[in-house]
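S.K.: I am attaching a structure below and will ask some questions about it afterwards.
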Amino acid sequence: MAPEELLSEALRRLSRVSVLAENSDDAEVPAAGGGHGDFSARAEPYRRELLAHCYRMTGSLHDAEDLVQETLLRAWKAYDRFEGKSSLRTWLHRIATNTCLTALEGRSRRPLPTGLGGPSSDPTAEPVERREVPWLEPLPDLTQDPADPSVIVGSRESVRLAFVAALQHLSPRQRAVLLLRDVLQWKAAEVADAVGTTTAAVNSLLQRARSQLEAVGPSSTDRLAAPDSTEAQDLLARYIAAFECYDIDRLVELFTAEAVWEMPPSTGWYQGPQAIITLIHQQCPAEHPGDMRMIPLVANGQPAAAMYMRAGEQHVPFQLHVLDVRPDGVSHVVAFLDDALFTKFGLPRSL
């Protein structure tokens, strides 16, 4: 499958969740001048998807949470002027999009180490950390439990780490247009009205955004395994067991031949099972079985695990791993070295 075909197929699946949600919302459009009284009850069901939208726009969980709060505050203040010409969901997404665009003015993109443009690193060299860089952040699981499984699939694919990382290569307006058109499935005229431009400009922005996304997006045609699939759960269990038993060499059999490992805020990235194992042997502070403990979870709609490292009588937060799991093994791991993420994911501060 060619890259452009892969992108089209992914965006088609992403749009499924939006179409179904929009259809269900259209049946209950609030009356004009509805007042503030029922705003919280009506807006709260959209908080999760607004968070996902702001996260896709910014690449930051922390920023997304703040922007959702700002969106809801703006919407509450304007609710008595809401005329019901669109669904409440559409109205909230429009406010969220413009809130994000304002916040992103003058800000640099949030990369992963692989997005910095450098070659793969020497696993025997000391990693270089740059904590001042605003790195891309992972997202906790936002999946609802609707009756239609395709909604879950679409929700997960719209926040996959590789997809959000690719979005960071677009300008904020290109991101907004692509997400509104291809993920939320808005019409070009609706997008133009939302971002304050013309339909022709929207079509031009969308064309350039799709082209750039094809150039920087994932190149593999293998589809990632869902985090609740048998193959993903089995592989994640083996991955966790290898670390907890301090049998790092066992990880070789779990990685694909071209697997990539990266660990922001370190700037380097490493390719191939042997390079990854060498890096872990060189840099991991653990020395014995039991020094590491891991909790399985879901992040960005993917299998993930929170790693805790022994510190005296306790294990404390160390890294949060997000895995790409394919039929032939683990093809990518992003190990986020940021213990503040543990609180965001509702994880304990120690074990």
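The values are calculated or read from the model by the stated rules, or taken from the named source; none is laboratory data. This one's a predicted model, so the numbers in the text were calculated from it and none came from an experiment. Methodologically, a virtual Cβ is constructed for each residue, glycine included, from the backbone with ideal geometry; neighbour enumeration extends over all protein chains shown. Side chains are part of the model used for accessible areas, which takes the heavy atoms of the whole protein and leaves out ligands, DNA and RNA. Shrake-Rupley method; radii C 1.70, N 1.55, O 1.52, S 1.80 Å.
S.K.: Under a cut-off of 24 Å between alpha-carbon atoms, report the lysines in cross-link reach of LYS77, not counting same-chain residues fewer than 8 places apart.
M.R.: LYS85
S.K.: Tell me, what is the per residue accessible area of the stretch 230-345 in Å², probe radius 1.4 Å? Please report the intermediate quantities before stating the final value.
M.R.: On the way: 4440 Å² over 116 residues.
Value for the stretch 230-345: 38 Å² per residue.
S.K.: Give the distance, in whole Å, between the Cα centre of the stretch 92-112 and the Cα centre of the stretch 160-199.
M.R.: 11 Å
S.K.: Please give the net charge around GLN274, taking every other residue with its beta carbon less than 15 angstrom from that of GLN274, where Lys and Arg add +1 and Asp and Glu add -1.
M.R.: Every neighbour counted, the sum reads -3.
S.K.: Sort the following peptides by mean Cβ neighbour count (other Cβ atoms within 10 Å, averaged over residues), highest first: 323-332, 177-186, 203-212, 235-244.
M.R.: 177-186, 323-332, 235-244, 203-212
S.K.: A further question follows. If you average the alpha carbon positions of the stretch 207-277 and of the stretch 302-338, how far apart do those two centres end up, in angstrom?
M.R.: 11 Å
S.K.: Amide H of LEU347: which non-local residues (sequence gap of 5 or more, or other chain) have their own amide H closer than 5 Å, using H built in the peptide plane?
M.R.: Amide H neighbours of LEU347, under 5 Å, 5+ apart: none.
S.K.: Next question. Which order do GLU231, GLU137, GLU258 take when ranked by solvent-accessible area (1.4 Å probe, heavy atoms of all protein chains), largest first?
M.R.: The residues order as GLU258, GLU231, GLU137, largest area first.
S.K.: Further, regarding this structure: If you average 1/r across every pair of different Cα atoms in the stretch 230-345 and take the reciprocal, what Kirkwood value do you get, in Å?
M.R.: 14.2 Å
S.K.: Short version: ³J(HN,Hα) in whole Hz for each residue of the stretch 134-141, in order, from phi by Karplus 6.51 cos²θ - 1.76 cosθ + 1.60 (θ = phi - 60°), x for Gly and Pro, what are they?
M.R.: x, 6, 4, 10, x, 10, x, 5
S.K.: Take every DSSP beta bridge whose two residues both sit in the stretch 230-345, then give the antiparallel share in percent to the nearest 5.
M.R.: On the way: 26 of 30 bridges.
For the stretch 230-345, the DSSP antiparallel bridge percentage is about 85.
S.K.: Same structure again: Between LEU351 and GLU65, what length comes free when the chain is fully extended (0.36 nm per residue of separation minus the Cα-Cα distance, one decimal in nm)?
M.R.: Working: separation 286, 0.36 × 286 = 102.96 nm, distance 2.69 nm.
Net length gain for the segment: 100.3 nm.
S.K.: Related question: What is the gain in length, in nm to one decimal, between ARG223 and ARG107 on full extension, counting 0.36 nm per residue of separation less the C-alpha to C-alpha distance?
M.R.: Working: separation 116, 0.36 × 116 = 41.76 nm, distance 3.23 nm.
Full extension of this stretch gives 38.5 nm more.
S.K.: 7 Å from Cα along Cα→Cβ at both SER120 and SER204: what's the point-to-point distance in nm?
M.R.: 4.1 nm
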